[in-house]
Structures are given as C-alpha cells and as structure tokens.
Amino acid sequence: MIDVRNLVVRLGSPPQAVVKRVSFSVETGGSYGLVGESGCGKSTVLRAISGLNPDYRGEIEIGGKVLSPVRPKEFYRSVQMVFQDPYGSLHPRKTIGAQLLEPLRNQRLPRSREAVFEALTSVGLNPELRYRFPHQLSGGQRQRVAIARALILEPQVLLLDEPTSALDVSVQAEILNLLNELREKRGLTYLLVSHDLAVIAHMCDRVGVMQAGQIVEEVEADRLRAGTLEHPYSRLLLEASQQYGGSTEEPLTMNGAA
Amino acid sequence: MTAPLIEAANLEVGFGGGKIKAVRSVSFTLGREKLGIVGESGSGKSTVGRAIMRLLPPTARVVADRLRFQEIDLLTASNRDMVHVRGRRIGLILQDPKYSLNPVMRVGEQIAETYLQHYPAAGGKAAARARVLEMLNAVKIRDPERVARLYPHEISGGMGQRVMIAMMLIAEPEVMIADEPTSALDVTVRLEVLSLLDELVTRRNLGLILISHDLNLVRRFCDRVIIMYAGRIVETLAASQLGEARHPYTRGLLASLPSIDHKVSRLPTLKRDPSWIDAVETNS
Ligand SMILES: Nc1ncnc2c1ncn2[C@@H]1O[C@H](COP(=O)(O)OP(=O)(O)OP(=O)(O)O)[C@@H](O)[C@H]1O
Ligand SMILES: Nc1ncnc2c1ncn2[C@@H]1O[C@H](COP(=O)(O)OP(=O)(O)OP(=O)(O)O)[C@@H](O)[C@H]1O
Ligand SMILES: [Mg+2]
Ligand SMILES: [Mg+2]
C-alpha cells in the first residue's frame, strides 16, 4: 500500500539532508512503526508522504501509483495524517464542529450533524465540545479532535505522528483499541511514529529504527517483543525502554545525576 | 517542616460562566520536592498549573480559600507583581511547547531574550548567547549552534520541548511547573533531561510540579503524586506507593499500560463510574 524508495529530504539553509535514502514498504492492512531519537527525521518522512513537503527526491508510491510531489485533492480522501502537534494543526478561530466538517466540505461530501457526533464519540469526547474553540480544550482533548478529523473521511491510509503521546494511558488505551478495530474491520493501513516502544509493539507488525535520517534496522514486531535486535542503537533504545517501563520499584538510574 | 513554596486550599476554577467546573476544591502544598500530578485527559491538571501562574483566560472564574507562592498571595497580587513572578520566580513549561514560542523569532534569540529580561546586568548579548548554547547543550540538543538559528517551525517536536525547558531553566526560578515537558522525547533523551531537572531540584533546593500522564515517569521520578479525576484530587500518594493505589481510577490507569514484551489483543480500558467523582480522598 505504501512504498517509499530512496527518499531524500533536504532542509534548511544551507540545505542539509535530514532524511537520507529511506526505503520501506507497508502492505495493505499492515501497520508499520517508525522509532528513533528526537530529531532523526521521523516527522519529515511523514510530511513528505502526506504531501506537505513536495521538495523531496526518491519515489513515494501509494496504492500502486507513484505520487507526483504536489498532491491532488482526491489524495486526501484516501490518505490522512494526524500531526504531532495538534495545536498547530487546528485552526485557532474555528469551532471544533466546523473543523470536523471541513474535510468533508473540501471533498464535496455530504456534511451532517451525525457525522460530527459520531466522530467525537468515537474518540471518547462529549459531542457538546463541538461548540468550543481549540484553546478551550485540554491538550488531550485537542489531540483527540485531530484524530477524529483524520478519521471522518474514512481514509485507507493513516499517517500517525505520536497520536497518543499527549494522552493519559486510559484514553490512550481507548484510542489504540479504536485504531486496531478500524484496521481489522476496514483494512486500514497505518504508518505510526511513536517514541513509546510499548505502543509500537502493541500496534505494529513491522518496525523501522531510524537514526540520523536513516533506517538502521528493520524488524518484525515479534523481535521487538523478544528483545532480539541487532543494531547497537536499536538495542540501546530497547534497553532504555525496558528499564523505563520495568516493574521494579527502584528509581530510574539516571546518568549524570549526583 | 519548612514553610511550603506553594499552597492551595479549596481551589476552584470554572469556565463558561461556571457551567464547566474544571477544578473543584483542590488543596495541596508544594515543598522543596518533586510533586507529580497525574490524571485523565481533561481532569484539570493544566488548569491548576495555569491558575498558579495566573495565566487563565479572563473568562475563567478562580476562587480559593488560599493560593500562595511564598510571601505572595496569588489571588490578589497585582499584574505587575505577577510579571516578576512569572518566569523569574516560577518557571512554567506549557503543554504545547511550539505554540508558546514566537513563530517569527529564532529559538536561540528567544531564549536569550528571556535571559536578558531577567538578568539585564549579566554581561549583555554576548554573555546571553554563550548561556543559551550552554543551556541547549544541557538539554541534550545536538548541534546547539545550528538549532539556535532555527525558527520554531523548523525544529522537531522533541526539540521544541527541550527549547522550552532551556528557556525555563535559564531564568533560574525557585519553583518549576512543567506540564508534560518530556512527552515528545524518546526514552534515552527523556532520562537525560529528567536527570538535569532532578539535579537542579536537589542542588538548588527547588520545588517542581510535574504534570504528566506518564505513570512510569511520575512513579520513579517524583517524591509524591497527586491523582486528579474530573477536577478533583482523588488520591495523594508517595510515588513509591503508586502500585498500592486504592482509588479505582488509579488502579484502572495502572492496568491500561501496554507492555513491550507481551502482546494483548485489546488493552483494558476504564469503566468510569459517576461515584468516583465523589469518592473521598484517601491521604497517605
Ligand atoms: N524547515 C526546516 N528547516 C531546517 N531544518 C529542519 C526543518 N524542518 C526540520 N528540520 C530539521 O530536521 C531534523 C528532523 O526533524 P523531524 O521533525 O523530522 O524529527 P523527528 O524525528 O520527528 O523528531 P521528534 O521525535 O523530536 O519529533 C531536525 O534536526 C530539524 O531541526
Ligand atoms: N478556556 C476554556 N473554556 C472552557 N473550558 C475549558 C477551557 N480551558 C479548559 N477547559 C476545560 O477544562 C477541563 C480541564 O482542562 P485541563 O486543560 O486542565 O485538563 P488536563 O487535565 O490538563 O488534560 P490533558 O491531560 O488532556 O491536558 C477540560 O474539560 C477542558 O475542556
Ligand atoms: Mg517529530
Ligand atoms: Mg493538560
């Protein structure tokens, strides 16, 4: 469903390669996780796929078609993205209800009150929130509005950038269950960025570990669970995560702390 | 025990003409310690932090029996007093870091500006610049020189959070309120940034309020934890005792965590019960 070949993205002045020959593919109905150090280029990969940054080299293919760097409107019918920073992706002066209807209007699809109700309820929000503006919501509520807006078009591919990092675990569990259900029922395809390896292990079939703009290791999620990773950086990441989420009651050992 | 740094008694915050009760009779004190606040999305955590900083919108209704920071009554302090408190004496990291940065100013300049504002006599621009790079380095930004020159939209999510932390730390406040300061950081960087905060709290004898939904983080990083549900404090525990929490909400939270090594098909979710709102607080 998603095929990325030799993706190179150069940004800044002077331009520097932020993503360096990244290739991976996700089958239809599959779920692929991207993990790696902060600033290694994960969001940049997602932004290139979603058409937000047409200035890339390499090939991006979705549903068997190589995409032109500038995406036609219909593209967003089938591919939607949830941004890492929900505040930035919501319009500050439009109500939540209006923003949820916007994708439907852009695609000239029928808009209804029911659609808004359903979208909000599916992410555990009270439909009453549709009259509010983004700044009148809590961080996690905004994040869920962003997820609801991506789902309202019933896309085939979802690009999810840290979709639950602003959510408490109980709401996170509900959203992850919802995403898994949708994938099962509608055969959606996911590309998921998260720094939480437990979330990745729970949601994904395959995982790409990125470091400094490159995928340094790609494994089945089973290997992540079994803890048999090979690249030194992946092992470091996994060990740190295991220690972090570990059940021991000892305080975290923090290098540098006196 | 020494006098608390922050003291709140029966704090209430309402929005929409009182229709939305975001915070209800919340009482706590902060000493020279690391105090965690956890709780469901929308339970009022950020609102508590904003009330202390007096950063709520004018439409918010704030009442309390007491809301103090050291010698300052936060309910009656003038706006001029608050300008001196905010940033300089109480540092705040907002939940949406990039949103709270000025979009048309390079991040390095913004941090330098904060420094010069609070330390006008500390050696001017050159000193500020050196201090900025030092701070960016301290929060584990690789290549601080490059990142200092970038605009907010050019930095990654995790860099944004660390820029905010650097901006808070550069003013050397007495109390830090950090609202989800590390949610966008991978575990290794997160631990390094936390150890920096930890060291500051200990070395300078500060108070830190850490608002987070990350149970592993508060359990192992904080001294005490407040658990909020629907605007109320439902439980206050020593962080090490979080595993023995009694409130059904807290116990449900602990069960909802996914794990790296065993796969479950569905994560357990909470069955919220209206009676939880009125459940009595169990103090430890
Ligand atoms: N417009 C831009 N101009 C210059 N550099 C940029 C721009 N956008 C991103 N970068 C740089 O590209 C690198 C990768 O950023 P990206 O947002 O993809 O990281 P990330 O892996 O998503 O990190 P995080 O986990 O912190 O969100 C960073 O060093 C960032 O500073
Ligand atoms: N300006 C406002 N107008 C109306 N309601 C508001 C406003 N700001 C916050 N609220 C509501 O107050 C409640 C508490 O919000 P708050 O931001 O404190 O939650 P939180 O515990 O920080 O949640 P999260 O973990 O999602 O960030 C929420 O239900 C929110 O919708
Ligand atoms: Mg990112
Ligand atoms: Mg909040």
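The values are calculated or read from the model by the stated rules, or taken from the named source; none is laboratory data. If you're wondering where the values come from, they're calculated on a predicted model, not measured in any experiment. Here Cβ is always computed from backbone atoms with ideal geometry, including for glycine, and neighbour counts include all displayed protein chains. All accessible areas refer to the heavy atoms of the entire protein, side chains included, with ligands and DNA or RNA removed. Shrake-Rupley method; radii C 1.70, N 1.55, O 1.52, S 1.80 Å.
Consider all pairwise Cα distances in chain B and report the whole-number % of them above 24 Å. It would help to have the intermediate numbers written out before the result.
On the way: 21058 of 40186 pairs.
Above the 24 Å cut-off, chain B has 52 percent of its Cα pairs.
Report, for segment A:2-243, the % of DSSP beta bridges that are antiparallel, rounded to 5.
Roughly 55 percent of the beta bridges in segment A:2-243 run antiparallel, per DSSP.
With a 1.4 Å probe and all protein chains kept in place, how much accessible area does A:Arg223 have, in Å² rounded to the nearest 10?
In the full protein context, A:Arg223 sits at about 80 Å².
Between B:His84 and A:Arg10, what is the label-to-label distance in nm when each label sits 7 Å out along the Cα-to-Cβ direction?
For the pair B:His84/A:Arg10, the computed spacing is 5.4 nm.
Using a 1.4 Å probe on the protein heavy atoms, what percent of the accessible area of the protein assembly as shown belongs to carbon and sulfur? Please list the in-between numbers first.
On the way: 11520 of 23190 Å².
Taking all protein chains in place, the protein assembly as shown shows 50 percent carbon and sulfur surface.
Extending each Cα 7 Å along its Cβ direction at A:Arg111 and B:Glu71, get the distance between those two points in nm, one decimal.
Once both label points are built, they end up 5.7 nm from each other.
Provide the solvent-accessible area of A:Arg225, counting protein heavy atoms only and rolling a 1.4 Å probe, rounded to the nearest 10 Å².
A:Arg225 has an accessible surface of roughly 40 Å² with all protein chains in place.
Where the centre of each part is set by its Cα atoms, how far does segment A:1-77 sit from segment B:1-63, in angstrom?
Centre-to-centre (Cα) distance: 42 Å.
Suppose R0 equals 41 Å; then what is the FRET efficiency for B:Glu172 and B:Arg246 from their Cβ-Cβ distance, rounded to the nearest 0.05?
0.60
Between B:Lys125 and B:Glu154, what is the FRET efficiency for a Förster distance of 25 Å, r being their Cβ-Cβ separation, to the nearest 0.05?
Values: r = 22 Å, r/R0 = 0.90.
Approximately 0.65, to the nearest 0.05.
Would you pull out the residues with amide H under 5 Å of B:Tyr229's amide H, same chain only if 5 or more places away, H placed 1.01 Å from N?
Residues meeting the amide H criterion: B:Val234.
Based on the mean of other beta carbon atoms within 10 Å per residue, what is the order of B:204-215, B:142-153, most packed first? Spell out each step's value before the answer.
Working: B:204-215: 21.7, B:142-153: 15.8.
Descending packing order for the listed peptides: B:204-215, B:142-153.
Tell me, what HN-Hα J-couplings in whole Hz come from the Karplus equation 6.51 cos²θ - 1.76 cosθ + 1.60 at θ = phi - 60° for each residue of segment A:156-166, using x for Gly and Pro?
Working through the residues one at a time gives 8, 10, 10, 9, 10, 9, 6, x, 10, 6, 9 Hz.
Give me a single rounded figure for B:260-271: the average over its residues of other chain Cβ atoms within 10 Å of their Cβ.
The mean count of partner-chain Cβ atoms within 10 Å per residue comes to 6.
What does a probe at B:Val63 reach in segment B:18-47, counting residues whose amide N is under 19 Å from the point 7 Å along Cα→Cβ?
Only B:18-28 fall inside the zone, counting backbone N under 19 Å.
³J(HN,Hα) across segment A:59-64 via Karplus (A = 6.51, B = -1.76, C = 1.60, θ = phi - 60°), whole Hz, x for Gly/Pro?
With the stated coefficients, segment A:59-64 comes to 10, 10, 10, 10, x, x Hz.
Which three extents, in whole angstrom, do the alpha-carbon atoms of the protein assembly as shown cover along their principal axes, largest first?
Extents along the principal axes, in whole Å: 67, 57, 46.
Where the centre of each part is set by its Cα atoms, how far does segment B:144-166 sit from segment B:87-107, in angstrom?
When both Cα centres are located, 11 Å separates them.
Of the options B:Leu267, B:Ser256, A:Leu11, report the single residue whose Cα projects farthest towards the positive end of the charge dipole of the protein assembly as shown (beta-carbon charges: Lys, Arg +1; Asp, Glu -1).
Towards the positive end, the residue furthest out is A:Leu11.
Which value, in debye to the nearest 20, gives the size of the charge dipole of chain A about its Cα centre, when Lys and Arg are +1 and Asp and Glu are -1 at the Cβ?
The calculation lands at about 1340 debye.
Could you work out the helix-only [θ] at 222 nm for chain B, with each DSSP H run of four or more residues adding -39,500 (n - 2.57) and the total divided by the number of residues, to the nearest 500 deg cm²/dmol? Kindly include the intermediate steps, with their values, before the conclusion.
Numbers: 9 runs with 95 residues, N = 284.
Dividing the helical sum by the residues of chain B leaves -10000 deg cm²/dmol.
Using the structure shown, list the pairs from A:Lys42/B:Lys263; A:Lys94/B:Lys19; A:Lys42/A:Lys185; A:Lys20/A:Lys94 with a Cα-Cα distance above 32 Å, or answer none.
Flagged as over cut-off: A:Lys20/A:Lys94.
Using a 1.4 angstrom probe with every protein chain in place, what is the largest-first accessible-area order of A:Glu37, A:Glu128?
Details: A:Glu37 35, A:Glu128 110 Å².
From most accessible down to least: A:Glu128, A:Glu37.
Which of B:Thr250, B:Thr236, B:Thr29 ends up with the largest GNM mean-square fluctuation for chain B, with Cα atoms connected below 10 Å?
Among B:Thr250, B:Thr236, B:Thr29, the largest GNM mean-square fluctuation belongs to B:Thr29.
What aspartates and glutamates sit close enough to B:Lys271 to cross-link, taking a C-alpha to C-alpha distance under 16 Å and skipping anything fewer than 8 places away on the same chain?
Once the sequence-local aspartates and glutamates are set aside, what remains near B:Lys271 is A:Asp168, A:Glu174, B:Glu40.
Could you run the Karplus curve 6.51 cos²θ - 1.76 cosθ + 1.60 with θ = phi - 60° over segment A:8-24 and give me ³J(HN,Hα) per residue in whole Hz, x for Gly and Pro?
10, 10, 10, 9, x, 10, x, x, 10, 6, 9, 10, 10, 6, 8, 9, 6
Rounded to the nearest whole Å², what accessible area per residue is found for chain B with the 1.4 Å probe? Spell out each step's value before the answer.
On the way: 12090 Å² over 284 residues.
Result: 43 Å² of accessible area for each residue.
Counting only other chains, what is the mean number of Cβ atoms within 10 angstrom of the Cβ of each residue in peptide A:197-203?
Neighbouring Cβ atoms belonging to other protein chains average 5 per residue here.
In peptide A:173-180, what is the residue-averaged number of other protein chain Cβ atoms found within 10 Å of each Cβ?
Neighbouring Cβ atoms belonging to other protein chains average 4 per residue here.
For a quick protection proxy, order the peptides B:181-187, B:6-12 by their average other-Cβ count within 10 Å, most packed first.
B:181-187, B:6-12
Decide, for segment B:131-284, between rounded, prolate and oblate: order the square roots of the alpha carbon gyration tensor eigenvalues as a ≥ b ≥ c, take rounded if a/c falls under 1.5, and otherwise choose prolate if a/b is larger than b/c, else oblate.
Prolate, because a/c is 1.5 or more and a/b exceeds b/c.
Once you have a ≥ b ≥ c as the square roots of the Cα gyration tensor eigenvalues for chain A, tell me rounded if a/c is under 1.5, and otherwise prolate or oblate according to whether a/b is larger than b/c. Show your work: numbers first, answer last.
Working: a/c = 1.69, a/b = 1.24, b/c = 1.37.
Taking the square roots of the gyration eigenvalues as a ≥ b ≥ c, chain A is oblate.
With a cap of 16 neighbouring Cβ atoms within 10 Å, and only residues DSSP puts in a loop, list the GluC sites (Glu not before Pro) found in segment A:39-79.
Loop-located and lightly packed - A:Glu74.
Pull up all non-local amide H partners of A:Val19: gap of 5 or more, or a different chain, and H-to-H distance under 5 Å with H placed in the peptide plane.
The list, which skips near neighbours in sequence, is A:Val9.
First check a/c for segment B:75-190, with a ≥ b ≥ c the square roots of the eigenvalues of its C-alpha gyration tensor; if it is under 1.5, answer rounded, and if not, answer prolate when a/b is larger than b/c or oblate otherwise.
Oblate is the answer for segment B:75-190, as a/c is 1.5 or above yet b/c matches or exceeds a/b.
Note down the magnitude of the dipole of chain B about its Cα centre, charges +1 on Lys and Arg C-beta and -1 on Asp and Glu C-beta and zero elsewhere, to the nearest 20 debye.
Numbers: 38 positive and 31 negative charges, 75 e Å.
It works out to roughly 360 debye.
Tell me what chain A gives for mean residue ellipticity at 222 nm when only DSSP H runs of n ≥ 4 count, each as -39,500 (n - 2.57), the sum divided by the residue total, rounded to 500 deg cm²/dmol.
After summing the helix terms and dividing by the residues of chain A, the value is -10500 deg cm²/dmol.
Taking the Cβ-Cβ separation of A:Glu102 and A:Asn126 as r and a Förster radius of 35 Å, what is the calculated FRET efficiency to the nearest 0.05?
The calculated FRET efficiency here is 0.95.
Would you mind pulling out the separation of the Cα centroids of segment A:148-174 and segment B:199-230, in Å?
Result: 27 Å between the Cα centres.
Would you grab the residues whose amide H sits under 5 Å from the one on B:Val23? Only those 5+ places off in sequence or on another chain, please, with H modelled 1.01 Å from N.
B:Val13
By how many nm would the segment from B:Thr2 to B:Lys19 grow when fully extended, if each residue of separation counts as 0.36 nm and the alpha-carbon distance is taken off?
Using 0.36 nm per residue and subtracting the Cα-Cα distance, I get 2.3 nm.
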